[in-house]
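Undergrad: Dropping a structure here in structure tokens format, bear with me for questions.
No value in this document is a laboratory result; all are computed from the given coordinates. Predicted model, so just to flag it, every value in this text is computed and none were measured. Cβ placement follows ideal geometry from the backbone for every residue including glycine, while neighbour counts extend to all protein chains displayed.
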Amino acid sequence: MSRIFVTGGSGRLGRSVVAGLAQAGHEVVSVDRDAVPAELLPAGVVQETADLLAPGEALRLIGAAKPDAVIHLAAIAVPFSAPEDVIFGTNTRLAFAVISAATEVGVRRIVTASSPTVLGYGCPEGWLPPSFPLDERTPAKPWNAYALSKHIAEQTVQMFATAQGEKIRYAAFRPCFVISPEEWEGAPTQQGHTLAERLADPALSAPALFNYVDARDVADFLDLLLQKMDDIPNGETFFVGAADALATAPLAELMPKFLPGSEALSSGLTGTSPAFSIAKARELLGWQPKRTWRTELKPTLNDEASTLVTAGGGAKETS
């Protein structure tokens, strides 16, 4: 059992990460500006409310907690949800404040959240990758403040890993479009529409290249990553996603409709293949996501998605 310090623990992803780590037997200290109601906190979780951008606050809290690991999730989590300079300044300062404080305290394992958006898809001037599926070798080409801030968080990890050598272990991960447990029940996603609507209308998932991941699978990934960090190269970055695409038709059919010029590149994304590869997490960590929309989406919502697709003349459902 480890003592794990999680920033952003009250967020959409953070709540599942805190719960999953606690269920796995860890002591968890959850830190956020907003508190989760006490009755919703898993047993044994310590909750702190704080502004980690306040001078010295990250160092004070991490020093007091004396954790075995730090997982940094806190950030403005949605592109263009605030002015660009605010997103950039907040996210980069948070990452540096937390990672540097954890390093100064001597925390042995430090992990920061990044984002698939660092690759640059959705750029108004056009974007095509060298190949599909996308993986950690795909060049990063951020085009907005959110994506750039996440790219810098990854570079911050690399900087500290270079400076510290093998004394402290660092890693970054890029969670795909996060789906929290209540969203399988019909709660709206962070874009405001439901998962049934997202499946029924491919245009809703296309901007994210149909990627997604269950928040509980991210918690499982982080638990395993912390266990394996001493056995993998320092400063690694991982994509964390579902094993399939959030779509009812193969991406080889859908991608060219929404990503001009991608016909040849996406031709191998047949069946349920996603656009983002998780092969690195499988090979280095032995991690495998357990959940897909086919198993987690409530039957009535799944039926609704299929009905809407058929009624709208969209893609046919595939297995």
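Undergrad: Based solely on its DSSP helices, what 222 nm [θ] is calculated for the chain when runs of n ≥ 4 H residues each add -39,500 (n - 2.57) and the sum is averaged over all residues, nearest 500 deg cm²/dmol?
TA: Rounded to the nearest 500, it is -11500 deg cm²/dmol.
Undergrad: Just for the Cα atoms in region 173-260, what are the lengths along the principal axes, largest first, rounded to whole Å?
TA: Dimensions of region 173-260 along the principal axes of its Cα atoms: 43, 32, 18 Å.
Undergrad: Further question on the same structure: So if I restrict to the alpha-carbon atoms in region 183-233, what is the Rg, and what is Dmax, the biggest pairwise distance, in Å?
TA: Just the Cα atoms of region 183-233 yield Rg and Dmax of 15.2, 43 Å.
Undergrad: Per 10 Å bin, what is the whole-percent P(r) computed from every C-alpha pair distance within region 78-150?
TA: 18, 40, 30, 11, 1
Undergrad: Additional query: Taking the dipole about the Cα centre of the chain, with the C-beta of Lys and Arg at +1 and of Asp and Glu at -1, give me whichever of Val105, Phe88, Leu254 is farthest to the positive side.
TA: Val105
Undergrad: I'd like the distance between the alpha-carbon centres of region 147-176 and region 185-226, rounded to an integer number of Å.
TA: Measuring centre to centre over Cα atoms gives 24 Å.
Undergrad: Using θ = phi - 60° and the Karplus curve 6.51 cos²θ - 1.76 cosθ + 1.60, what whole-Hz ³J(HN,Hα) does each residue of region 247-260 get, with Gly and Pro shown as x?
TA: Along region 247-260, the couplings run 7, 9, 9, x, 5, 4, 8, 7, 4, x, 6, 10, 10, x Hz.
Undergrad: In whole Å, what is the distance between the alpha-carbon centres of region 1-80 and region 119-140?
TA: 32
Undergrad: So what's region 34-142 giving for Rg/Rh, alpha carbon basis, Kirkwood Rh from the mean inverse pair distance?
TA: Answer for region 34-142: 1.04.
Undergrad: Report the net charge of residues surrounding His26, where surrounding means a beta-carbon distance below 10 angstrom and charges are Lys +1, Arg +1, Asp -1, Glu -1.
TA: Neighbourhood net charge equals -2.
Undergrad: Would you mind ranking Phe132, Phe173 so that the residue whose beta carbon has the fewest other beta carbons within 10 Å leads the list?
TA: Phe173, Phe132
Undergrad: In the set (1) 0.98; (2) 1.17; (3) 1.63, which value of Cα Rg over 2.2 N^0.38 Å was calculated from the structure you see?
TA: (1)
Undergrad: Got a sec? How would His193, His26 order by Cβ neighbour count within 10 Å, fewest to most?
TA: His193, His26
Undergrad: If you average 1/r over every pair of different alpha-carbon atoms in region 70-205 and take one over that average, what Kirkwood value in Å do you get?
TA: Result for region 70-205, one decimal place: 16.4 Å.
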